[in-house]
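The values are calculated or read from the model by the stated rules, or taken from the named source; none is laboratory data. Only a predicted model underlies this, so the values are computations on that prediction, with no experimental measurement involved. Here the Cβ positions follow ideal geometry from the backbone for every residue, glycine too, while neighbour counts run over all protein chains shown. Note: accessible area is taken over every heavy atom of the protein model, side chains too, but ligands, DNA and RNA are not part of it. Shrake-Rupley method; radii C 1.70, N 1.55, O 1.52, S 1.80 Å.
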Amino acid sequence: RANIAIDAARAESLSVRYYQNGEEENYLARLKIIEELKLVLQNPGNSLFLVYQPKLNLSTGEIDKVEALIRWQDSSGNFVSPELFVSLAEQSGLIISLTQWVIKEALSQIQKWKTLDIQLKVAINVSAQDLSHPQFIDFLLSSLSAYEVDSNQITIELTERDIMQNEDLIVHRLQQLKKMGTYISVDDYGIGQSSLAKLKQLPIDELKIDKSFILELNTSHQDKQIVSSTINLGHKLGLNVVAEGVENKESLDLLKKYGCNHAQGYHLSRPVKANELVTWLESQ
Ligand code: C2E
Ligand code: MG
Ligand code: MG
Ligand code: MG
C-alpha cells in the first residue's frame with residue numbers, strides 16, 4: 001500500500017519555504033488541500049474524474065490518440081487546479097495513490113470504449129516519483145491484465161523535467177516500459193534542461209513541444225524558429241512530434257507546414273468527459 005502520510009520532514013520543508021515567502025496563509029491552505037485530497041483518494045466517488053483531450057493526427061486528419069487529464073471537484077463544488085493539486089500530491093507522497101487511481105480509471109475507460117468499437121491510444125501522465133516506486137511496473141502490468149488492455153494501447157507521458165530527476169532509475173523504468181510495448185512520450189519538451197546527448201539515449205517514442213512555444217506560434221517569429229527546428233530534430237531522432245496548446249487555425253496550419261505529427265489544443269477540442277468525446281468523435 002502506498003505511503004500516503006505527509007511526513008514531518010516534508011511538511012517542515014514546505015513550511016520553511018512558504019513562511020520564508022511570508023505566505024503563512026498560503027501554506028495552511030496548501031496543507032488543507034493535501035488533507036482533503038488524502039480523504040478524496042480514500043473514497044473518490046464522483047469528485048475525481050478523468051477528461052480526455054484528443055490529439056489530431058496531422059497526416060491522416062484522424063483522432064487516433066487522447067490524453068487523460070485528472071479533474072477534482074471539491075466538496076463545495078469548486079474545481080481545484082490540477083497543476084496545484086498534482087504538485088501538492090507530489091510534495092506529500094499522495095501522487096502514488098493518485099496515479100494508481102488514474103491508471104485504473106483510464107484502463108477501465110479503454111475497456112468500455114472497446115465494447116463501442118472505439119480504438120484510441122490513451123496517454124497517462126505520471127511523475128518521476130511514480131516511476132521510481134518499486135511497484136510501479138507490477139502495478140501497471142496487473143492493472144493492464146485486470147482490464148484486459150494491451151500495453152501498446154497506452155502512452156506514458158513524463159515531463160522532460162521529471163526525466164532528469166533520479167535519472168538512472170527513470171531510464172531503467174523507461175526501458176522496462178518500452179520492453180512491455182508501452183509508448184513513451186516526453187511532455188513539456190523544451191522547458192526542461194535535457195541535453196541532446198541525454199535525449200538520444202532514452203527509449204522514447206514521442207516529443208510533446210511545451211505549449212509555451214505553441215500558444216503564440218502564429219505571431220512570434222522566435223517561436224516559429226524554435227518549433228520548426230524542434231520538429232526537425234525530433235524527426236531526425238525518429239520521434240513522433242506533438243504540439244500542445246494549439247489555440248488557433250493559423251498555428252495549426254503552421255504545424256502542418258512544419259511536418260508536425262500530432263496537434264492538441266483548445267482550437268481542436270478542450271479536454272472533455274468520455275461520453276462527450278464519443279459524441280464529438282461521431283460528429284467529426
Ligand atoms: P500537461 O500534461 O502538459 O497537460 C496539458 C495541459 O494543457 C492541460 O491542463 C490541458 O487542459 C491544457 N491545455 C490543452 N490545450 C490547451 C490550449 O490550447 N491552451 C492552453 N492554454 N492550455 C491547454 P490541465 O488539465 O489543467 O493539467 C495541467 C497539468 O497537470 C498537466 O500538464 C499535467 O502536468 C498535470 N496533470 C493533469 N492530469 C494529470 C494526471 O492525471 N496525472 C498527473 N501526474 N499529472 C496530471
Ligand atoms: Mg501531459
Ligand atoms: Mg504538457
Ligand atoms: Mg505541464
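Quick notes
- Number of positions in the stretch 187-215 that are more than 11 Å from ligand 1 (Cβ to nearest atom) and on the phi < 0 side of the Ramachandran plot: 17
- Failed condition for Lys273, given (1) within 16 Å of ligand 1 (Cβ to nearest atom); (2) of a type in the set (Lys, Arg); (3) more than 26 Å from Val51 (Cα to Cα): (3)
- Of residues in the stretch 156-192 being among the hydroxyl-bearing types (Ser, Thr, Tyr) and in contact with an Asp or Glu (Cβ under 7 Å, 6 or more places away or on another chain), the one farthest from ligand 4 (Cβ to nearest atom): Tyr183
Residue-by-condition table, conditions (1) of a type outside the set (Ser, Thr, Tyr); (2) more than 17 Å from Leu141 (Cα to Cα); (3) in contact with a strand residue (DSSP E or B) (Cβ under 9 Å, 6 or more places away or on another chain); (4) more than 15 Å from ligand 4 (Cβ to nearest atom):
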site	(1), (2), (3), (4)
Gly61	yes, yes, no, yes
Glu90	yes, yes, no, no
Gly93	yes, yes, no, yes
Leu107	yes, no, yes, yes
Lys112	yes, yes, no, yes
Ile118	yes, yes, no, yes
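- Pairs with Cβ under 6 Å, 6+ apart, first in the stretch 178-189 and within 15 Å of Gly234 (Cα to Cα), second hydroxyl-bearing (Ser, Thr, Tyr): Ser185/Thr155; Asp187/Thr159; Asp188/Thr159
- Per the conditions (1) open to solvent by 50 Å² or more (accessible area, probe 1.4 Å); (2) more than 13 Å from ligand 1 (Cβ to nearest atom); (3) touching a residue at least 12 places away in the same chain (Cβ under 8 Å), the sole criterion not satisfied by Arg71 is (2).
- Screening Thr115, Thr60, Thr99 for residues that are more than 9 Å from ligand 1 (Cβ to nearest atom), closer than 20 Å to Tyr183 by Cα and of a type outside the set (D, E, K, R) leaves exactly one candidate, Thr60.
- Residue in the stretch 193-222 that is nearest to the chain's Cα centre (by Cα), counting only those that are among the basic types (Lys, Arg) and within 15 Å of ligand 4 (Cβ to nearest atom): Lys208
- Residues that are in contact with a Ser or Thr (Cβ under 6 Å, 6 or more places away or on another chain) and not hydroxyl-bearing (Ser, Thr, Tyr), drawn from the stretch 169-205: Leu169, Met180, Gly181, Asp187, Asp188
- Taking the criterion of being within 12 Å of ligand 2 (Cβ to nearest atom) and either aliphatic (A, V, I, L, M) or free of Cβ contacts under 8 Å to residues at least 60 places away in the same chain (or both), the residues of the stretch 42-68 that qualify are Val66, Ala68.
- Exclusive hit being outside any helix (DSSP H, G or I) and open to solvent by 40 Å² or more (accessible area, probe 1.4 Å), set Gln100, Gln111, Gln119, Gln129: Gln119
- Helices (runs of 4 or more DSSP H) (entirely within the stretch 144-263) containing at least 1 residues that are in contact with a helix residue (DSSP H, G or I) (Cβ under 8 Å, 6 or more places away or on another chain), away from ligand 2 (no atom under 16 Å from the Cβ) and open to solvent by 20 Å² or more (accessible area, probe 1.4 Å): 167-180, 196-201, 221-236, 249-258
- Residue in the stretch 32-52 that is touching a Pro at 6+ places or on another chain (Cβ under 7 Å), under 19 Å from Ile103 (Cβ atoms) and either assigned to a strand (DSSP E or B) or more than 16 Å from ligand 3 (Cβ to nearest atom) (or both) present: yes
- Yes/no for Thr115 being among the polar types (S, T, N, Q) and touching a residue at least 12 places away in the same chain (Cβ under 8 Å): no
- Residues being closer than 21 Å to Asp138 by Cα and under 15 Å from the mean Cα position of the chain (by Cα) - total across the stretch 175-192: 4
- Subset of the stretch 264-284 [over 19 Å from Ser185 (Cβ atoms) and either aromatic (Phe, Trp, Tyr) or in a loop (DSSP other than H, G, I, E, B) (or both)]: Tyr266, His267, Arg270, Lys273, Trp280, Gln284
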